[in-house]
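Heads up, the thing below is written out as C-alpha cells.
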Ligand code: AIR
C-alpha cells in the first residue's frame, strides 16, 4: 500500500479515536470516486450548482486538513474510489460515525458507481445519500438489496443531496431549520418574480432581456 494511502487512513483512524466534541467535527462528509466528479459534486460555473454550493449557501464551511473554521456547521471533502482504493473506502465508512459525521454524501460516475452503495453498507446505520454522477450510474447507485438502505438523488443532483443532508441535521438543529426555510422562501420569491416579470413584459421582451 502507498505511504500516502496509509497516511490518509491513519489520520481517519486517529480522528475516530480522538473523541472530539461535536462542535469541532464536520457534520457532513462529501466523498467522490474521482476528482473528475468535482464539477458535479461541487458545482461549476458553466453547469449546475452542486453540494458544495448548497452547503456554503446554507452557512456551512469546509474543514480542510489545515483549517478548522469558526462556523458551527462544517463539511469535509475527500476522493475515495471504491475500486482503486477499496481499503480507503472501508476505513472512511467504518470511522465516519466515530469521526463525528452525521451524514455522508457519496458520488460516483460510470457504470460501476459503487462508492455510494458500499459506503452505505459499511457505514450503516449512518445515512448515506448517493449521487449518480451520470445517468448511466443510476442503476448501480440505487440498486440495493432489501435491508441495505441508501437514499439517492437523480443523476447529477448533488445540490439536492446537500439539501437532504441538511434536512436530516435540521431535525436536531433549529438554526438549520430556519436556514432551510429561508432558502426555500428565496426560491419561491425568485419564481414569483420571474412569473411577474414574464407576465408584465410579455414573452418576447422577457426573453430578449433575459438573454441579453
Ligand atoms: N470511479 C472511480 N473509482 C471507481 C469508480 N467507479 C468512477 C468515478 C468517476 C469515473 O469512475 O466516480 O465518475 C471515472 O473516473 P476517472 O478518474 O477515470 O475520471
Legend entry - 222 nm mean residue ellipticity, helices alone, for the chain (DSSP H n ≥ 4; -39,500 (n - 2.57); rounded to 500): -14500 deg cm²/dmol
Legend entry - Extended-chain gain in nm, criterion 0.36 nm per residue less alpha-carbon gap, residue 190 and residue 94: 30.4 nm
Inset, instruction - Find how many whole Å separate the alpha carbon centroid of region 156-212 from the alpha carbon centroid of region 76-113. - result: 30 Å
Legend entry - Angle in degrees between helix 158-170 and the longest Cα principal axis of the chain, rounded to the nearest 10: 70 degrees
Inset, instruction - Calculate I(q)/I(0) for the chain by the Debye formula, one identical point scatterer on each C-alpha and no solvent, and give its log10 at q = 0.07, 0.09, 0.10, 0.13 Å⁻¹ to two decimals. - result: -0.24, -0.39, -0.47, -0.74
Legend entry - Folded to 0 to 90 degrees: helix 174-201 orientation relative to the chain principal axis, Cα: 30 degrees
Legend entry - Neighbour-count ranking [beta-carbon atoms within 10 angstrom, fewest first] of 178, 114, 66: 66, 178, 114
Legend entry - Rough spin-label spacing in nm, given labels placed 7 Å along Cα→Cβ, for residue 173 and residue 70: 1.7 nm
Legend entry - Tilt relative to the chain, helix 3-18 - C-alpha long axis, 0 to 90 degrees, to 10: 90 degrees
Legend entry - Binned Cα-Cα distance frequencies in region 20-128 - 10 Å width, integer %: 15, 46, 34, 5
Inset, instruction - Multiply the residue gap between residue 78 and residue 13 by 0.36 nm, knock off their C-alpha separation, and tell me the result in nm, one decimal place. - result: 21.9 nm
Legend entry - Spacing of the two label points (7 Å from each Cα toward its C-beta) at residue 5 and residue 181, in nm: 4.9 nm
Legend entry - Beta bridges per DSSP with both ends in the chain, % antiparallel, nearest 5: 10 percent
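Only the coordinates and a few stated rules stand behind these numbers; no lab work does. Since this is a predicted model, take the numbers as computed values, not measurements. Heads up, the Cβs are rebuilt from the backbone with ideal geometry, glycines too, and the neighbour counts pull from every protein chain shown.
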